[in-house]
Structure formats: structure tokens, C-alpha cells
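Values in this text are rule-based calculations from the coordinates and carry no lab data. Note that the structure is a prediction, hence the values are computed from the model and not measured. In this analysis, Cβ positions are derived from the backbone assuming ideal geometry, glycine residues included, and neighbour counts consider all displayed protein chains.
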Ligand code: S3P
């Protein structure tokens with residue numbers, strides 16, 4: 001579907017770990033007066049454990065299943081008339097069935113950043129199970145770029161959150177209304 005003719009009450013932020021999805025998402029939701037949801041926080045809150053603990057105790061496939069279910073719920077809330085900005089996890093949009101959910105629920109925006117910048121932002125933090133080894137991190141980044149490229153819009157993720165939000169909001173002026 002053409003991004004311009006889509007329902008615009010759901011904005012889904014897409015991108016690799018460290019690309020700023022949560023920071024940008026919070027700011028964007030504030031500016032729109034919409035709800036903000038961080039998908040990872042939602043999953044962790046529901047399970048009562050951290051994302052790392054889910055990976056350690058139950059494995060990545062189990063996490064991916066929780067992630068898909070959490071996304072379906074958010075898509076349903078958008079469809080039920082509850083506008084929201086959703087920050088996806090770094091792997092969410094790499095999965096075809098998740099992209100389908102996002103595609104039918106709203107607009108996707110990719111925060112694109114060079115991998116060296118992303119690694120500098122996330123290395124040294126131990127709460128991301130897939131960001132512990134640089135070579136693995138870079139390989140995953142390359143593997144996922146084509147999937148991120150399917151988002152409706154691409155933003156330069158090296159700019160400030162404020163600038164990115166202004167650009168997203170300016171899409172409205174280009175005939176792509178984000179208002180409910
Ligand atoms: C993941 C990214 C993380 C989190 C989990 C897996 C990934 O989210 O969902 O650790 O597969 O890239 P962030 O992108 O918010 O760090």
C-alpha cells in the first residue's frame with residue numbers, strides 16, 4: 001500500500017540496536033499527544049523479567065514469539081482507534097510476519113545509522129544480548145539492512161532526536177497526514 005494513503009494513527013520506529021528508536025519515539029509521541037510504547041519494555045513488564053533474562057532462560061525463539069504477540073496487540077490497539085508511536089526492537093522488522101503487521105497497522109520509519117556509530121553507542125552496556133560481540137553485531141547489521149529498507153520512510157539516525165522528530169512531522173506537510 002502507498003504510505004500516503006495509509007491510516008496514520010500508528011507510527012512504528014524501525015532500526016538496529018542503538019539507532020535511537022526509544023528516544024525519538026518518546027519525543028514524537030509527546031509532540032503528537034499520542035501514547036508511546038517501547039515493545040521491549042512491554043515484553044519485559046509482562047514477563048516480569050529483563051530481555052536478557054528471557055534470552056538466557058528461554059532462548060531467542062521464545063523471545064521472538066513474545067515479540068510477535070506484543071506487536072500484534074499494538075497493531076490491534078491502533079486499529080481500535082488508539083493512536084500510538086511504537087519503538088520496535090532491533091530484530092522485530094527483520095521478521096516477515098512482523099512487517100506485515102506494521103504494514104497493515106500504520107507507517108514505518110527507519111532510523112538509519114552507520115554500524116560504527118551504533119557499536120559506539122551500545123558497546124559496554126550488558127543489557128543487549130545481541131550486542132556483546134562486535135563481529136556478530138556487524139554481521140547482523142548487514143543481514144538486516146535489506147529488511148529495514150522496506151520501511152515506508154528512512155531518516156538519518158545520526159541527527160538529533162529533535163531534528164528527526166521535526167522531519168517526521170514535516171512529512172505531514174508533504175501530503176502524508178499523521179494526524180488522527
Ligand atoms: C534485539 C534488539 C533489542 C531487543 C533484543 C533483541 C535485536 O532491542 O529487542 O535484545 O534482535 O536486535 P533494541 O533495538 O531496542 O536494543
In the chain, what % of DSSP beta bridges are antiparallel (nearest 5)? 0 percent
Once you sort the root eigenvalues of the Cα gyration tensor of the stretch 58-117 as a ≥ b ≥ c, which label holds: rounded (a/c under 1.5), prolate (a/b larger than b/c) or oblate (the other case)? oblate
Burial-style ranking of 65-77, 121-133, average other-beta-carbon count within 10 Å with highest first, yields 65-77, 121-133
Linear extension gain, residue 135 paired with residue 100, 0.36 nm per residue minus alpha-carbon span: 9.6 nm
Using just the Cα positions, wrap the stretch 21-180 in a convex hull and report its mean projected area in square nanometres, one decimal place. 9.3 nm²
From the Cα gyration tensor of the stretch 85-136, with a ≥ b ≥ c the square roots of its eigenvalues, which class applies: rounded if a/c is under 1.5, or else prolate if a/b is larger than b/c, or else oblate? prolate
What does the highest-first list of 153-159, 19-25, 135-141, 85-91 look like by mean Cβ count within 10 Å? 85-91, 19-25, 153-159, 135-141
Just want to confirm a number: the relative contact order over the chain, from Cα pairs under 8 angstrom separated by 6+ residues, in percent. 36 percent
